[in-house]
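Worksheet: one structure, shown below.
The values are calculated or read from the model by the stated rules, or taken from the named source; none is laboratory data. The structure presented is a predicted model; accordingly, all values stated were derived computationally and were not measured. Cβ sites come from the backbone with ideal geometry, for glycine too, and all protein chains shown count toward neighbours. These accessible areas exclude ligands, DNA and RNA; they are computed on the full protein's heavy atoms, side chains included. Shrake-Rupley method; radii C 1.70, N 1.55, O 1.52, S 1.80 Å.
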Amino acid sequence: MVSEFGLAMQVESRRGNETRNILVDFGFTPEALLNNTGLLGIDPAAIDALVLSHGHQDHFGGLVGFLQAHSGKLKRKLPLFVGGEGCFCARQWTAPPVRGNFGVIDRKALEQAEVAVTSTERPALVADHAVTTGQIGQKSFEKVLSPSAMTIGFDRGVGCYPERLSEAERSAPVVPDQFQHEIATAFNLKGRGLVVLTSCSHRGVVNAIRQAQAASGVEKIHAVIGGFHLAPYPEDYVRDTVKALQEIDPTYVVPLHCTGEPFYEIARAAMSAKVLRAYTGTRLVFEA
């Protein structure tokens with residue numbers, strides 16, 4: 001298995017005799033994604049839908065290479081769910097340790113792969129088994145955790161169309177990333193509650209969970225899995241996040257990717273039975 005800065009998740013869900021396979025995010029490079037999906041035995045022909053949580057290269061970087069490597073094997077018009085036009089804006093990393101270009105999605109390559117891009121500003125069903133949250137509101141104490149800026153405009157086949165963005169987003173040629181296009185993905189596990197894949201939580205993990213509850217109509221949280229974007233962040237803020245998660249009371253908390261060690265240590269001390277450690281290649285099985 002190859003580990004690198006990024007996130008990619010594969011979900012197999014079952015309902016009666018139905019089985020669905022969804023990929024949520026695609027890591028930083030196609031080399032890692034292709035290596036790992038191959039070793040895990042993930043059949044590209046069995047994939048029913050793709051979900052991209054937001055437009056950061058460590059989440060979309062492997063997508064185009066994956067599509068190209070499996071050309072002719074994937075289902076025709078495979079749906080790709082994104083949270084809005086902002087997903088396609090070119091980005092620059094503005095935080096330490098190194099500032100610079102942070103990629104842009106190749107829209108032409110998506111067209112050539114014949115994926116059906118679906119913009120889900122509002123909640124939407126994914127392969128009949130999951131729901132995207134729609135865009136995530138700011139309803140808790142959490143701040144937008146923004147390590148990037150986005151360039152507004154479309155040029156030579158890549159970028160975002162300004163007229164499809166909000167007025168605030170297109171106020172200048174380059175604007176701080178507010179992640180209005182970010183989405184999470186949720187499954188309702190029968191009798192147990194929601195399994196929420198937060199991906200990166202730039203708009204806050206608590207806000208992502210609240211949005212998943214509102215989108216699904218289900219209050220109980222069985223598991224919250226993904227990056228919580230708390231690395232690095234002040235300890236008081238991390239403690240506030242842990243406290244809020246204790247109030248939500250999920251059965252399991254699985255911090256990944258950009259969550260950071262301070263959260264893991266504080267959460268283990270506060271709710272040790274709920275916190276699970278996961279790594280590249282970890283498989284989690286939740287039974288109804």
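Calculated mean residue ellipticity at 222 nm for the chain: -6000 deg cm²/dmol, from DSSP H runs with n ≥ 4 weighted as -39500 (n - 2.57), summed, divided by the residue count and rounded to 500. Here the accessible area of region 86-182 is 52 percent carbon and sulfur, with a 1.4 angstrom probe and all protein chains present.
Counting only protein heavy atoms, what percent of the accessible surface of region 205-288 is carbon or sulfur at a 1.4 Å probe? Solvent-exposed carbon and sulfur of region 205-288 make up 48 percent of the total. The residue list Ala288, His54, Leu78 was ranked by how far each Cα lies along the charge dipole of the chain toward its positive end, using unit charges on Cβ atoms, and Ala288 comes out on top. Relative contact order of region 173-288, taken over Cα pairs closer than 8 Å and 6 or more residues apart, is 23 percent. Using C-alpha pairs below 8 Å separated by at least 6 residues, the relative contact order for the chain is 14 percent.
Unpaired Cys in the chain, meaning no second Cys C-beta under 4.7 Å: Cys87, Cys200, Cys258.
Rg(Cα) of region 120-215 divided by 2.2 N^0.38 Å? Don't skip to the answer; put the middle values down first.
Details: Rg = 15.1 Å, N = 96, 2.2 N^0.38 = 12.5 Å.
Here the answer is 1.21, to two decimals.
Solvent exposure of region 186-288, expressed per residue, is 45 Å² of accessible area, with all protein chains present and a 1.4 angstrom probe. The residues of region 10-119 expose, per residue, 45 Å² of accessible area to a 1.4 Å probe.
What is the diffusion coefficient of the chain in µm²/s, taking the Kirkwood radius over Cα pairs and the Stokes-Einstein relation at 25 °C with a viscosity of 0.890 mPa s? It would help to have the intermediate numbers written out before the result.
Numbers: Rh = 19.1 Å.
So the translational diffusion coefficient is about 129 µm²/s.
The value of relative contact order for region 209-272, using C-alpha pairs under 8 Å at least six residues apart, is 43 percent. Within region 117-193, the GluC sites (Glu not before Pro) that combine a DSSP coil assignment with at most 11 other C-beta atoms in a 10 angstrom radius are Glu167. Between Ala184, Ala267, Ala45, the Gaussian network model of the chain with springs among Cα atoms under 10 angstrom shows the greatest mean-square fluctuation at Ala45.
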